[in-house]
Amino acid sequence: MVLPIWEWQGNRGGEMRRVTWLTLVMCAQPLVAVAQDVSMGEYLSTLKRQHPFVAQEALSQYIERAQQKRFLGEQDWVLTAKSTFDHTQHSQKSAFIAEESDRFSISTGMEKQFWVDGSTVSINYNYQRDDQQFASPTGIIDQHANGISISYRLPLMKNKNGVLSRLDYELQGFNIDINRLASEEKQEDFLEHQGGLFLDWVLLKEQLQIADNRLTLAQVEMKRIKEKQGVGLADEVDVLRAKDAIINARQNRSLILSQLKSLQAELATLSGLEYIVKGKPDFDLYRIKDMPDVREVLNNLQHHSRLLGAIDAQLQQLSHQQIGFRNQTQAELNLVVSGGLSSENGRFTQSNRFDQPQYAFGLEYRLPFGQRTANADVAKVLLQKQQLQAQYRSVSLQLKSEIRKLLVQINELEKVLELNRQQIDVAEQKTAAELRRYNKGSSELTFVIQSRDSEQQARLSYAQNAANYQKLLLRFASVNDYLFTDTDWIQGAVK
């Protein structure tokens, strides 16, 4: 960096300003990203680690977990409290019937439900004060009563073993699994799309290299034609044809370069890897992947497919829900056991001895007729299960069909790539032959240029077919759920 330094120097005629320049050598962090090779695995792993879409999808399962925890509140202790005051007047006058009575009571307690058996435990404290006004000579009678009790209610039919108490919590557990599988599927679809963009980058880099080679050959051809023209062995039209070939090559290169730069900017922004702008992809476009056996793939699909796993989780959820609905149709039969201690006295200080034991036990029975709601729920669940079973078979067939189709396409495209290589060899030999004929004066430069263009087109077709082959591998990895867990799968073992 060159900076001006202003200096002032005095003299007899006044002040004179002098400017000197000082060259400063500064060591600083470069502003432009350093060129660096980037593999597909690195690119996809970076996206998986820090892209907002992936983070957004990953959070959805934690939201479902938080939703499940809210159902745990049904097992919390519940505090209850109640106070009442009653005043009563009697018209009948008798020494044994109070003319007026006042009753004040306070009750408080705690209650908790246990999911392990569906039981409920209640602990209560009660205080009651009775003031009765009798005719003379009885006068006012004041009575205080205190009591503590504990009761236990156990369901014997409906909600036996807490089936209904914890039903919502357990159903939400299936939602967590279903949501996790759906989230991973969306993330893998995202990675597949991004992998396709990466392969487009690889293809554009290869196309740019082919265009550069074609431009270099056109420039070499131009130099040779001018040399021949200088000794009278080439016409002016040959020079014009060579210039036209250079212009076409430059135009083609500029178009490819503009697409390449815009795609690099997109990839760098999406991944946060700024060195992509100046770097190049570390990927062999022409590598042939060693594919697994179709029977192995189909067997793995049946046991590990996320799409099928999500449907299976929904089926399990419906089966669990069906158990709950069937339990709803049963009659209520509860065993109730309670016991406690109480005491009463005309004086408040003497009423809290709790020296009077009490206990009780019994059965509660309730049978609603009809059960239309619960029966309708059971019927609905049965139909939903049949629908999901049909969906499972449909998705399974669709996945198997796509896998077999992909394997056939991959295998056939390998044969096409071999033909592309042969086509390039023939095009190179044809160009050499046309060049020899032209140098001998038995052919025109037009045929040499056409042969060069055909050779370039053969290389471009080879690159395009190779990119299509790699995208088929990318799709195969996504369908088989390889891509989400192994972003380097495509760059694995080769033939």
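Bear in mind that the values in this text are calculations on the coordinates, not laboratory data. The structure displayed is predicted, hence computed values, not measured ones. Heads up, the Cβs are rebuilt from the backbone with ideal geometry, glycines too, and the neighbour counts pull from every protein chain shown.
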Going by average Cβ density within 10 Å per residue, which order do the peptides 417-425, 314-322 take, highest to lowest?
314-322, 417-425
Tensor-based shape of region 368-495 (alpha-carbon gyration tensor, a/c under 1.5 rounded, otherwise prolate or oblate):
prolate
For region 246-281 and region 353-374, write down the distance between their C-alpha centroids in whole Å.
78 Å
Modelling each spin label as a point 7 Å along the Cα-to-Cβ direction, I'd like the LEU197/HIS303 distance in nm, to one decimal.
3.7 nm
Can you check what the net charge comes to around GLY441, using other residues whose Cβ is under 12 Å from the Cβ of GLY441 (Lys, Arg +1; Asp, Glu -1)?
+1
Quickly work out the GLU412-to-LYS69 label distance, labels modelled 7 Å from Cα along the C-beta direction, and quote it in nm with one decimal.
5.4 nm
Neighbour count of at most 10 Cβ within 10 Å plus DSSP loop: longest chymotrypsin sites (Phe, Trp or Tyr not before Pro)-free window in the chain
97-368
Fewest Cβ neighbours within 10 Å first, please rank VAL479, VAL231 accordingly.
VAL231, VAL479
What is the order of LEU47, LEU341, LEU397, fewest Cβ neighbours within 10 Å to most?
LEU397, LEU341, LEU47
Once volume of the Cα convex hull per residue in Å³ is worked out from the coordinates, which option in (i) 151; (ii) 403; (iii) 165 does it equal?
(ii)
Is region 377-424 rounded, prolate or oblate when judged by the Cα gyration tensor, a ≥ b ≥ c being the square roots of its eigenvalues, rounded requiring a/c under 1.5 and prolate requiring a/b larger than b/c?
prolate
Could you pull out the pairs from LYS186/LYS405; LYS226/LYS261; LYS48/LYS471; LYS186/LYS415; LYS280/LYS405 whose alpha carbons sit more than 24 Å apart here?
LYS226/LYS261; LYS186/LYS415; LYS280/LYS405
Among VAL237, VAL395, which comes first, second and so on when ranked by fewest other beta-carbon atoms within 10 Å?
VAL237, VAL395
Tilt of helix 372-439 relative to the longest C-alpha principal axis of the chain, in degrees (0 to 90, nearest 10)?
10 degrees
Of THR120, HIS320, LEU199, which is farthest on the positive side of the dipole of the chain, counting Cα position, with +1 on Lys and Arg Cβ, -1 on Asp and Glu Cβ, and the Cα centre as origin?
LEU199
Report, for the chain, the % of DSSP beta bridges that are antiparallel, rounded to 5.
95 percent
Return the calculated 222 nm mean residue ellipticity for the chain, to the nearest 500 deg cm²/dmol, obtained by summing -39500 (n - 2.57) across DSSP H runs with n ≥ 4 and dividing by the residue count.
-19500 deg cm²/dmol
